[in-house]
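The values are calculated or read from the model by the stated rules, or taken from the named source; none is laboratory data. Model, not experiment: these values are computed from the prediction. Using ideal geometry, Cβ is built from the backbone for each residue, glycine included, and neighbour counts are taken over all protein chains shown. Protein only, heavy atoms only, side chains kept; ligands, DNA and RNA dropped before computing areas. Shrake-Rupley method; radii C 1.70, N 1.55, O 1.52, S 1.80 Å.
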Amino acid sequence: MIEDTILTAEDFSNGVKGRWCAGCGDFGIHSSLKKAMAEIGIPPSKTVVISGIGCSSRMAYHLNGYCFHTIHGRPIAIASGCKIANPDINVWTICGDGDSMAIGGNHFIHALRRNVNINIVLLNNRIYGLTKGQYSPTSERGFVSKSSPYGTVEDPFRPSELIIGASGEFFARCVATDGPGSVAALTAASKHKGTAVVEVLTNCVTFNNGSFERIYSKEAREENALYLEHGKPMLFGKNKEFGIVQHGFDLKVVKVGEGGYTLKDVLVHDAHCTDRTLHTKLSSLEGPDFPLVLGVIRDVAIPTYEEEVENQIKEISEKKNYHNFDELMKTQTTWTIE
Amino acid sequence: MEDITVKQLKNVVVLFSGDSGDGMQLAGNIFSAVCAILGDDICTYPDYPAEIRAPQGTLGGVSGFKIHAGRDVMTPGDHCNVLVAMNPAALKRMKKCLAPNSVIVIDVDTFNAAELQKAEFTTDDPFEELGIKNEVIAAPLSTMCLNSLAKMTDMPNKNKLKCRNIMALGLVCWMFERPLEHAVKMIKEKFASKPDIAEANIRVLQDGYNYGHNVHASIAVRYKIEPKIPQKGTYTEINGNKALAFGLIAAAEKSHLELFLGSYPITPATDILHELAKHKSLGIKTVQCEDEISGCCMAIGASYAGDLAVTSTSGPGICLKSEAMNLAIMAELPLVIIDVQRGGPSTGLPTKTEQTDLLQALFGRNGESPMPVVSATTPANCFDTAYMACKIAIEHMTPVIVLSDAFVANGSSIWHIPSLQDYPDITPHDVSADMASKWAPYIRDPQTLTRYRAIPGTEDFCHVIGGLEKDDETGKISYDPQNHETMVEKRNQKVALIAKDLPLLTVKGTPDADTLIIGWGGTYGHLLEAVTLLTEKGEKIALAHFQWINPLPSNTEEILRSYKKIIVAELNSGQFAAYLRMKFQNLPYMYQINCVQGQPFEEDILTEQITQIIKEK
Ligand SMILES: Cc1ncc(C[n+]2csc(CCOP(=O)(O)OP(=O)(O)O)c2C)c(N)n1
Ligand code: SF4
Ligand SMILES: [Mg+2]
């Protein structure tokens, strides 16, 4: 392949059509992912997609690349091994909310802690789709499902809190129906060096329809979503008339130009700030008083696990006097009988 | 002055025992290495307490290290010629290893009221109380340490007393006529960064030796180990876990693949992780994962990316890994899974040995999931076992389970350091560029039914694999009933065909034997010793010891059918026997010898049981 061939979304299509229910949000993210992969410019042969089990994880069958549809909850561990073994490939993980935060919760938090350079696409539909509609770790308290006919009596995770709490250095959020927003978030995740999580809010039409009504359509997002951009003021609303300001120990929504608030008072987003406090706060804003935050919320560069592994190998190799089996044997306490 | 008898023996057993903080392992290691360097065969076995912080001086805190040295040594031995007991608790715990003519060395300074009480003695004469009538060398090892090191005024007494183990070692070296130079060298190496500690230990080593020499009036026996004719070569002493690690390193080098280990610490397998983690200069990547599932999954990911991937654990970890192991079966990716067996079920007997994971290794997964299984027979054999497991995994695109056990893992034997030129090449079963247009992930080599590996980064070979059933030809997802059966059959056949690449089963013992002992894995030494002893007594008996369990060597049935009696001896309730019955119906009458006590076989009991079965009509 010629290095500077321009890739298109079609290059990442294997021609196999998605088999999700008509109207499933996963179609949208499938198309955005292919566009993002093209934009990133790494060819299919160097693109690895490792998915778990769930409707979302079926993505692996509909992409051109090195795709591996694995087992429930484990794709992040498999992807980590893959990336550590070969840092030269771009490794994606596709997983559902159950896959990543229920059965695979341990791998999820530890991958973030290690900071292996993989891109985790977390398709959050707040339900178990593939097993036909049980509540998930992100379902709201009281959620009625087949496995909770009288409503759940447990609180959900907020993925962002889990991710940032597990020292995740990249977190973005997008909505499956928002093509440009998704492509931007996915592209940024891939460019970030380290474990990057993109939470995709995706509607399961069949078992949890309407879960993201507040931001699912373009019109709704204009009102209720705040798109964060590094270095830009946090403005939202149809005419960007609202802004986020600091208010004592909290954040507050104000109308710019009213109540004495000017553009100067509006917080400017700093995705690179190492402190996690405000990123956590922003990503947990919810309605009805606050907009839902989309875009790249946190993007902080620190050394990746696999880089550190390679560095250590280099450093120790220089110090030690053995570099193959025979030389290793010479370091042992031996005796020779002639 | 009474004359000292020098007993010339073919081989001897020495057991160092004391509190877990007394450094028995170090003393034992040095002694075994010294014997090995002098040309003896050796076999060692450490006996750790299960509790790490059992109170000092109590029975629960006793740790032992047994060394069997001499000619034709195959096991660590049951009874010892010399027992070193650093305190009353050790004496009590190790009494079971005494034979009538064993000599006991004690640190008489520790046989005081307080220590006797901690060891739950009720009288002030522990020997009387235990009914021990053996010869006892009551050496004041503690006082001797303080005296030896009196001039080292900077060293606190507490530290001086830590040299008691080496003082005992010095005395034992005298008893066995072992010169000190090698021991001195090892101490220097061990304490290279702490010269004062090295100096103190070397001094007490010499004083321990001199003590034997000076007071030999009170020591009635000294031993001489018959020298054997050593074979040319370079040797080292090695334990099973280290030999496994070295085998993996060798296989990585021969296959030109990078070595990757995903693991989670668990006794008795952790030392494999420790060993490989040291060798960064060989480019080895080891990841201490968040759990065993991750260990196996990371290894699968690394294998997918093209590494020689390994995951190491013990039985409880295999339980966790089994779903992922099945993914490796389904995706047909090379993977080496090491199970260093310990006593089970559940947490069981973490530090003890058993062969109870055999059926789990063979069948402990959902669906029909054939997996090659190979077992290691001795510490040194672990090297070849690991090497062969890697070769089969890589060349046949399959996960392979290596069964070791606590006995093999922690025991040590002499290992002739090999030249890798003598080992067969390992060739990854890769796609070639000309296959690109007609390739699909499950196209197989018709001879071996092995699919071809295409690692990420290889142009023109983008593809999907996964855990769902695949169409036999196209590799696409398939729910077709007939196709599923075909694939089940192909996966079975693929593993069965590996037998063509495996060595045939060999039989040791008299050619006209009518009784065949069958064993597998880590009981090799004990079974061989039993067969050798019984053959010497004129019994017509032979041993067939299995390394490969799945597939079995292709001449297995033929051998089994040529004996009148078969005795399957194993450290479980009969798992291999059950497997053989499943594979071969109507075998000549099959007997079993089973022991599930978390311990290796005891030679006396084993030979007695075999003799009984031979006698039966
Ligand atoms: C070990 C194991 N347990 C359970 C299942 C059944 N299972 C498959 S997918 C799934 C949940 C899927 O939910 P999620 O991860 O949110 O993905 P979605 O289908 O919603 O995209 C479950 C419970 C399985 N395949 N494997
Ligand atoms: S069940 Fe829900 S998540 Fe699954 S494909 Fe249908 S709509 Fe999508
Ligand atoms: Mg879901």
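How about the range A:19-55: which trypsin sites (Lys or Arg not before Pro) there lie in a loop by DSSP and see at most 15 other Cβ atoms within 10 Å?
Working: sites: A:Arg19, A:Lys34, A:Lys35, A:Lys46; in loops: A:Arg19.
Listed in order of number, the matching sites are A:Arg19.
Could you give the accessible area per residue of the range B:236-422, probe 1.4 Å, as a whole number in Å²? Provide the component values of the computation, followed by the final result.
On the way: 4230 Å² over 187 residues.
It amounts to 23 Å² per residue over the range B:236-422.
What are the residues of the range B:320-344 that lose 30 Å² or more of accessible area, with a 1.4 Å probe, going from their chain alone to all protein chains?
By number: B:Glu323, B:Leu327.
With just the Cα atoms defining each centre, how far is the range B:458-484 from the range B:499-522? Give it in Å.
40 Å
I need the phi-derived Karplus couplings for the range B:418-430: 6.51 cos²θ - 1.76 cosθ + 1.60, θ = phi - 60°, integer Hz, Gly and Pro marked x.
x, 9, 5, 4, 7, 9, x, 5, 10, 10, x, 8, 8
Using amide H atoms built 1.01 Å from N in the peptide plane, name the residues 5+ places from B:Val103, or on other chains, whose amide H lies under 5 Å from its own.
B:Val82, B:Leu83
Please list, in order along the range B:376-393, the HN-Hα scalar couplings obtained from phi with the Karplus expression 6.51 cos²θ - 1.76 cosθ + 1.60 (θ = phi - 60°), rounded to whole Hz, x for Gly and Pro.
Each residue of the range B:376-393 in turn: 9, 9, 9, x, 5, 5, 4, 4, 5, 4, 4, 4, 5, 4, 5, 4, 5, 4 Hz.
Show me the ranking of peptides B:89-99, B:325-335 by mean Cβ neighbours inside 10 Å, starting with the highest. Walk me through the numbers on the way to the answer.
Numbers: B:89-99: 20.7, B:325-335: 24.3.
Sorting B:89-99, B:325-335 by mean packing, highest first, produces B:325-335, B:89-99.
Do any residues of the range B:288-303 show a loss of at least 50 square angstrom of accessible area between the isolated chain and the full protein assembly, using a 1.4 Å probe, and if so which?
B:Glu290, B:Cys297, B:Met298
So for each of B:22-30, A:160-168 I average, over its residues, the number of other beta carbons within 10 Å; can you give me the resulting order with the highest mean first?
Numbers: B:22-30: 24.2, A:160-168: 20.2.
Top to bottom by mean Cβ count within 10 Å: B:22-30, A:160-168.
Amide H to amide H, which residues 5 or more places from A:Ile94 or on other chains are under 5 Å from it, using H placed in the peptide plane?
Placed amide hydrogens put A:Ile50, A:Ser51, A:Gly52, A:Val121 under 5 Å from A:Ile94.
Rounding to the nearest 10 and keeping the result within 0 to 90°, find how far the Cα-based axis of helix A:105-114 lies from the longest principal axis of chain A.
70 degrees
Could you work out which residue, out of A:His269, A:His247, A:His279, moves most in a Gaussian network model of chain A, that is, has the largest mean-square fluctuation with Cα springs under 10 Å?
Fluctuation is largest for A:His247.
For chain A, with every protein chain kept in place, what is the accessible area per residue (1.4 Å probe, Å²)?
Values: 14590 Å² over 338 residues.
Normalised by residue count, the accessible surface of chain A is 43 Å².
Taking H as built 1.01 Å from N, whose amide H comes closer than 5 Å to the amide H of B:Ile549, not counting residues under 5 places away?
Counting only residues 5 or more places away or on other chains, the set is B:Val373, B:Val374, B:Ser375.
Between A:Thr47, A:Thr93, A:Thr131, which gets the highest mean-square fluctuation from a Gaussian network model of chain A, Cα cutoff 10 Å?
Ranking A:Thr47, A:Thr93, A:Thr131 by mean-square fluctuation puts A:Thr131 first.
Let me confirm one metric for peptide A:60-70, namely the mean number of other chain beta-carbon atoms within 10 Å of its residues' beta-carbons. Numbers along the way, then the final one.
Working: counts 3, 5, 1, 2, 3, 4, 12, 6, 12, 8, 11.
For peptide A:60-70, the averaged partner shielding equals 6.
List the chymotrypsin sites (Phe, Trp or Tyr not before Pro) within the range B:166-255 that DSSP assigns to loop and that have no more than 16 neighbouring Cβ atoms inside 10 Å.
On the way: sites: B:Trp174, B:Phe176, B:Phe191, B:Tyr209, B:Tyr211, B:Tyr223, B:Tyr235, B:Phe246; in loops: B:Phe176, B:Phe191.
Answer in residue order: B:Phe191.
Grab the DSSP H runs of chain B that are 4 residues or longer, score each as -39,500 (n - 2.57), total them, divide by all residues and round the 222 nm result to the nearest 500 deg cm²/dmol.
Working: 21 runs with 226 residues, N = 617.
When only DSSP H runs of four or more count, the value is -11000 deg cm²/dmol.
Report, as an integer, the average count of C-beta atoms from other chains found within 10 Å of each Cβ along B:451-462.
Numbers: counts 0, 0, 0, 2, 6, 17, 9, 3, 5, 3, 2, 14.
Per residue, the average neighbour count from other chains is 5.
Taking θ as phi - 60°, what are the ³J(HN,Hα) couplings along the range A:204-213 by the Karplus curve (6.51, -1.76, 1.60), each to the nearest whole Hz, with x for Gly and Pro?
8, 5, 7, 10, 8, 5, x, 4, 10, 3
Can you pull the mean other chain C-beta count within 10 Å for peptide A:44-53?
Details: counts 4, 8, 5, 3, 7, 2, 5, 2, 1, 3.
The mean count of partner-chain Cβ atoms within 10 Å per residue comes to 4.
What's the carbon and sulfur percent of the range A:1-110's accessible surface, probe 1.4 angstrom, rounded to a whole number? Intermediate values should be presented prior to the final figure.
Details: 1990 of 3570 Å².
Answer for the range A:1-110: carbon and sulfur cover 56 percent of the accessible area.
Looking only at A:Ala79, A:Ala22, A:Ala185, which one moves most when chain A is put into a Gaussian network model with springs between Cα atoms under 10 Å?
Fluctuation is largest for A:Ala22.
Which order do the peptides A:104-117, B:555-568, B:461-474, A:309-322 take when ranked by the mean count of other beta-carbon atoms within 10 Å per residue, highest first?
Numbers: A:104-117: 22.8, B:555-568: 17.4, B:461-474: 19.0, A:309-322: 13.1.
Descending mean neighbour count gives A:104-117, B:461-474, B:555-568, A:309-322.
Taking a probe of 1.4 Å and counting only protein heavy atoms, give the total accessible area buried between chains B and A in Å², rounded to the nearest 100. Please report the intermediate quantities before stating the final value.
Values: alone 26250 and 17150 Å², together 38330 Å².
What B and A bury together is about 5100 Å².
Can you grab the distance from the C-alpha centre of the range B:250-298 to the C-alpha centre of the range B:90-104, Å, no decimals?
Spelled out, the Cα-based centre of one part sits 40 Å from the other.
In the range B:363-444, what percent of the accessible surface is made up of carbon and sulfur (1.4 Å probe, ligands and nucleic acids excluded)? All intermediate terms of the calculation are to be shown ahead of the outcome.
Working: 1370 of 2610 Å².
Roughly 53 percent, rounded to a whole number.
Please identify every one of the GluC sites (Glu not before Pro) in the range B:78-173 that sits in a loop by DSSP and has no more than 13 other beta carbons within 10 Å of its own beta carbon. Don't skip to the answer; put the middle values down first.
Working: sites: B:Glu115, B:Glu120, B:Glu128, B:Glu129, B:Glu135; in loops: B:Glu120.
Those that pass, being in a loop and sparsely packed, are B:Glu120.
Would you mind getting the accessible area per residue of the range B:162-225, heavy atoms of the protein chains only, 1.4 Å probe, in Å²? Provide the component values of the computation, followed by the final result.
Values: 2730 Å² over 64 residues.
On a per-residue basis, the range B:162-225 sits at 43 Å².
On the protein heavy atoms, probe 1.4 angstrom, tell me the percent of accessible surface of the range B:508-615 carried by carbon and sulfur.
Numbers: 2180 of 4440 Å².
Answer for the range B:508-615: carbon and sulfur cover 49 percent of the accessible area.
Which of the three applies to the range B:236-422, rounded, prolate or oblate, going by the alpha-carbon gyration tensor with a ≥ b ≥ c and a/c under 1.5 meaning rounded? Kindly include the intermediate steps, with their values, before the conclusion.
Values: a/c = 1.44, a/b = 1.07, b/c = 1.35.
It is rounded, given that a/c, with a ≥ b ≥ c, falls under 1.5.
Tell me the angle of helix A:305-319 to the major Cα principal axis of chain A, expressed in degrees between 0 and 90 and rounded to the nearest ten.
20 degrees
Measure nothing fancy, just the Cα-based angle from helix A:179-191's long axis to the longest principal axis of chain A, in degrees from 0 to 90, nearest 10.
For helix A:179-191, the angle is close to 30 degrees.
In the range B:234-265, which residues give up 40 Å² or more of accessible area once the other protein chains are added, compared with their chain alone (1.4 Å probe)?
Output list: B:Thr234, B:Tyr235, B:Thr236, B:Phe246, B:Glu253.
Where the centre of each part is set by its Cα atoms, how far does the range A:169-227 sit from the range A:94-141, in angstrom?
Taking the Cα centre of the range A:94-141 as reference, the centre of the range A:169-227 is 15 Å away.
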